[in-house]
Amino acid sequence: MAQFPTRLYLITPPDIDPAAFSPRLDEALSAGDVACVQLRLKGVSDDAIRRATQVLMPVVHGHDTAFLMNDRADLAKELDCDGVHIGQEDGTLADARRLVGRDCIVGVTCHASRDLAFEAAEGGADYVAFGAFFPSTTKPDPKGHATAQLIADWSSHVTVPCVAIGGITPENCGALVAAGADFLAVSGAVWNHPQGPAAAVKAFAAAIKANTPV
């Protein structure tokens, strides 16, 4: 099981105006404990990613939170991010580590596969990400359905932290927290919350507290 309480791992929406999004990000980070923020922009230019990083990373660091780049280890290195998250089609873990160095975080998508997770852990990943657990716009075509039992088995036998991702909300995260997920990666449940990002983060905090094993 997780040795410490489950923490939030925020993922940005895939298409944002950094200046307009910045106050919403600050609102979310001000509302409760967030371990890291992953910049996940799809279908945009490298310069757009650079501009977003320049605007948003200071906001994230202002809350003593890690700033991770999705997919692009090269840009993570160039922009001095705290780490990178790579998928199975985003190059090798070894290449990502070589680019960002030993002091940066490297996380790896492992879908619902223990084999991929063990391979990543043995290769030096700082965390493995399992999912999707629920229907998700972030992971609309998951390669296998992940379950809370996968989290429980991993947390019981392996010290490398695990991230749960995919359709997670304050209402459905309880089983993942109870199973020992180290982090809940969330996007739409925070940014699309009807009462705003701060309310969403507070709702997640309450759900985590209610379901953390004593």
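What follows draws every value from the coordinates through simple rules; no lab data is involved. Computed from a predicted structure; not experimentally measured. With ideal geometry, Cβ positions are generated from the backbone for all residues, glycine too; neighbour counts draw on all protein chains shown.
Straight-line cross-link partners of Lys42 among the aspartates and glutamates, defined as a Cα under 19 Å from its Cα and at least 8 positions apart when in the same chain: Asp15, Asp17, Asp71, Asp74, Glu78, Glu89, Asp90, Asp141. Can you tell me how region 52-141 classifies by the Cα gyration tensor, rounded, prolate or oblate, using a/c under 1.5 as the rounded cut? Oblate shape, in that a/c is at least 1.5 and b/c is the bigger or equal ratio. The distance between label points at Ala94 and Gln195 comes to 5.0 nm (points 7 Å beyond Cα on the Cα→Cβ vector). Summing Cβ point charges (Lys, Arg +1; Asp, Glu -1) relative to the Cα centre of region 13-149 gives a dipole of roughly 180 debye.
Principal axis analysis of the Cα atoms in region 1-61 yields extents of 40, 22, 16 Å, listed in decreasing size.
Label reach from Val44 (point 7 Å along Cα→C-beta): in region 79-118, amide nitrogens under 19 Å belong to 79-87. Going by neighbour counts of Cβ atoms within 10 Å, the residues His157, His111, His61 line up, fewest first, as His157, His61, His111. What the Cβ-Cβ distance of Glu122 and Lys202 gives, at R0 = 45 Å and to the nearest 0.05, is a FRET efficiency of 0.75.
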